[in-house]
Amino acid sequence: MAEVLIADDSEFMRNLLREILEENHTIVGEVENGVEAVEVFKEEKPDLVMMDIVMPIRDGIEATDEIKNTDPSANVIMCTSVGQEEKMKEAVKAGADGYITKPFQKPSVMEAIQDVVPS
Amino acid sequence: MKVYDGSQTEQATDSRPERIKVGIAEYEVTTETAELTTSGLGSCVGVALYHDPTNIAGLIHVMLPVADEMDDGKPAKFADTGTELLIDEMEAAGADAGELEAKIAGGSDMLDFSEGGSGIGDRNITQVRETLTAADIPIVGEDVGGDHGRSLRLETETGNLLVKSANREDQRL
Amino acid sequence: MKIDVQSLDTFNRLAHEGAQEATASMAQMTGIDATVDVTKISLIDRADIGEELGAGSFVGVEFGFEGALSGDTVLVFERGQTEEIVESMMPGASTDDSMGQSAVQEVGNIMMSGFIDGWAEHLGASIEHTPPGYIEGEGAEILPDGPETGEHDQLFVFRSEIGWEGESVNFFIYMLPEYEPMAELMAEYAETDADAIPIEKLAVFNQMTQQGTERAAENVQQMSGIETEAEVSQISFVPIEDVPRQFGEETFVGTAVEFTGAPSGFLLVLFDEQSAITVAEGLMPVEMDSDELTEQHKMAIEELGNIMTSGFVDGWANVLQQSVDHTPPRLVHDMGRAIIDPLAAQLGQHQQHAFVIDSKMKTDEVEFESEIHALPNEQELREALDELDVERADKTDADAGQIF
């Protein structure tokens, strides 16, 4: 049972992720942009952040970079529609621990989480 | 059998007034009883000019604010040169420029991705106002800005400008 | 072989003027006033030609031409409109099938002769054409198979849409020249090297776009369960003010983004209202069963648009080994023409013409259709095409598993 923060600007996607994650995990926050993601991360210290890339104000890669600088032990999985190799490399550089492309199937989300925060 | 000899044949008109479509970066001026229409104004602006004593009417659909640097020989594409052109054409058709009235619609800021400063819709409206003011033509009706599209119909008998939108009530200017 | 914006513009204008002349000769014969709404030159897969005719019933004329250019040209009227044309020429004739047919054939012949003559005159060479043949059929089937294509099975197609006052599109003129002679001719008309477009890469780009559309269609299917097929993908060239003209007043729902990278530009994902409701219902974990478009539907469409946008541009980024960023999607719900107009205007601040990439996907199961339209910055698209390594064109996929 991990504490998870969801960062995605789409309410539809946040709902979808919550439905999938709630079964086995605790959602400690839902935010809409990279700035809020960093703030809530610092307050809640979740075990895992599910991070979208394309978000207003601050994107998910920048937010991941800051979260990892604040706390190198943080776990961040990118959860994005972007399937570009260059972006994946940027995400690795920022310190992301996993990468899920939308649209996703429930098992692949569970598996990615299991890899990053084993229960 | 109708004989045609290459000369233009006039069709008998039905009761409905003739509809004349005005495309983007186009204008029409008419002295006849007609409806001038233009559709799908987003950030584009429709400028309607009307000369009440003679019922001469004109409508232009402009796309961008100023012609200067982009000048490509299409004056009707721009708010400044287009509005001037429409005024000239109204005069050429017999309207007294001193008696013209204007109605404007469009210039929405929907889908404007420009960062900082004002968007194209705003700048189009500002430019149309400036050009009309410079020509001493009053704006007697307007429906501008917002974040929705508009279609226009100018009735030459009355000078009424009907503004239609996808998700709003029609407006009559 | 390289073409440039100038040569594309020259030929686009030629086709447009030809269509105007044809329309004027029809007005002379019938008294029916019509205007040429838009003329575009498109590079398109042979199989996709005529897709815009939908399922309507058409009649018209077709003839082959040979000389400075070879190929086929076709004029088609919506069947319902021919009655008006025939009546205005020969009152009473529209009830007589063979008279009607002969009238259409004659109008078509006169209209298209003017069209071809205009080309011949401009090219300073003669173009012979065969006698006109009467054709009738449903949708794209009415069009001929088309002449020789290039190695990518694509053709340059010149297409004009002509409308009656107050009506939607009523007839179409197609000119389908053989690929090679057309490409050579356009290359001859290219003036400078500075803004040259490698013509073969344009075809490869088109195929990549087709893959992008297929990817987006897969995304729709995975998310909504609606089996969706990519139908068409083409790249067209038009004066910037003609970009919104290919859209009407019908209401669409969808998303718009600005993308930055190589190239930058705008991208729209659009659904007609019924399709939007259908697909949004499919996306919802819980059925809403609403006939109206609700806020929940819009939220779902917004995310679907986001995912389809990525599906569409990612392949391009991967082939070029660069990243293409896009803004969060903005939801739109408005008249089609009003949606695209601000995007065209934003590009129009820096360019007089535009390349428009149009894709369409649909399904036979339910009433569902979706369109993707991309408006790249002209100069950046040219640069990107220049850098495109044709050998890498199939490297559209990225595997996160190999990187993480």
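The values are calculated or read from the model by the stated rules, or taken from the named source; none is laboratory data. Just so we're clear, the structure is a prediction, and the values are computed from it rather than from any experiment. Cβ coordinates were reconstructed from backbone atoms using ideal geometry, including for glycine residues, and neighbour counts include every protein chain displayed. Ligands, DNA and RNA are excluded from the accessible area calculation, which covers all protein heavy atoms including side chains. Shrake-Rupley method; radii C 1.70, N 1.55, O 1.52, S 1.80 Å.
Numerical summary
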item	result
For the protein assembly as shown, the Rg and Dmax computed from alpha carbons only, in angstrom	27.3, 90
Along chain B, longest interval not containing exposed trypsin sites (Lys or Arg not before Pro), exposed being DSSP loop plus at most 14 other Cβ atoms within 10 Å	B:3-167
Longest to shortest principal axis, alpha-carbon extents of the range C:197-403, angstrom	50, 44, 29
Peptide-level mean, for A:87-96, of C-beta atoms on other protein chains within 10 Å	3
For the protein assembly as shown, with +1 on Lys and Arg beta carbons and -1 on Asp and Glu, the positive-most of C:355, C:277, C:318 along the dipole	C:318
Projected-area average for the range C:249-314 over all orientations - Cα convex hull basis, square nanometres	5.1
GNM top mover of A:90, A:23, A:44 - chain A, alpha-carbon springs below 10 Å	A:23
Unit Cα scatterers, Debye sum, the range C:129-270: log10 I(q)/I(0) for q = 0.19 Å⁻¹	-1.60
Links that overshoot a 29 Å alpha carbon limit, given the list A:89/C:360; A:87/C:360; A:93/C:298	A:89/C:360; A:93/C:298
Taking all pairs of distinct alpha-carbon atoms in chain C, Kirkwood radius in angstrom	22.2
3J(HN,Hα) from dihedral phi, the range B:97-112, Karplus parametrisation 6.51/-1.76/1.60, rounded to Hz, x for glycine, proline	4, x, 10, 7, 10, 10, 10, 10, 8, x, x, 5, 9, 4, 6, 8
Shielding by other protein chains, B:33-40, mean Cβ within 10 Å	4
The protein assembly as shown: antiparallel DSSP beta bridges as a percent of all, rounded to 5	80
For the range A:1-76, convex hull volume per residue from C-alpha positions, Å³	66
Residue of B:33, B:156, B:83 that the Gaussian network model of chain B assigns the largest fluctuation, springs spanning Cα pairs under 10 Å	B:33
Approximate shape of the range A:43-119 as ellipsoid semi-axes (Cα gyration tensor, √5λ), whole Å, largest first	17, 17, 11
Derived scalar couplings ³J(HN,Hα) [the range A:91-107; Karplus, 6.51 cos²θ - 1.76 cosθ + 1.60; whole Hz; x for Gly, Pro]	5, 4, 4, 6, x, 4, 9, x, 8, 10, 9, 7, x, 10, 9, 3, x
Neighbouring partner chain Cβ atoms per residue of B:144-153, average, 10 Å criterion	3
C-alpha long axis of helix C:179-189 to longest principal axis of chain C, angle in °	90
Loop-located GluC sites (Glu not before Pro) in the range C:318-404, at most 12 other Cβ atoms within 10 Å (DSSP)	C:365, C:367
Computed over the range B:108-173, Cα set: Rg, Dmax in Å	13.7, 43
³J(HN,Hα) computed for each position of the range A:42-52 - Karplus, 6.51 cos²θ - 1.76 cosθ + 1.60, integer Hz, glycine/proline x	5, 6, 8, 6, x, 6, 8, 10, 8, 10, 6
Fluctuation leader among C:55, C:120, C:374 - chain C, Gaussian network, Cα springs under 10 angstrom	C:55
Along chain B, longest interval not containing exposed GluC sites (Glu not before Pro), exposed being DSSP loop plus at most 10 other Cβ atoms within 10 Å	B:11-68
Relative contact order, percent, the range C:2-189 [alpha-carbon distance under 8 Å, six or more residues apart]	36
Nearby lysines by direct alpha-carbon distance to residue B:77 (threshold 25 angstrom, same-chain neighbours under 8 apart not counted)	B:21, B:103, B:164, C:40
Degrees between helix C:336-348 axis and first principal axis of chain C (Cα, 0 to 90, nearest 10)	80
222 nm mean residue ellipticity, helices alone, for the protein assembly as shown (DSSP H n ≥ 4; -39,500 (n - 2.57); rounded to 500)	-11500 deg cm²/dmol
Listed residues A:1, C:112, C:299 arranged by accessible area, highest first, probe 1.4 Å	A:1, C:299, C:112
Nearest-ten-degree value, helix B:79-92 long axis tilted from longest Cα axis of chain B	30
Reciprocal of mean inverse Cα separation for chain B (Kirkwood radius, Å)	16.5
Separation between Cα centres of the range A:79-119 and the range B:134-173, rounded to whole Å	51
Descending semi-axes in whole angstrom, ellipsoid equivalent of the range C:2-189, from the Cα gyration tensor	28, 17, 15
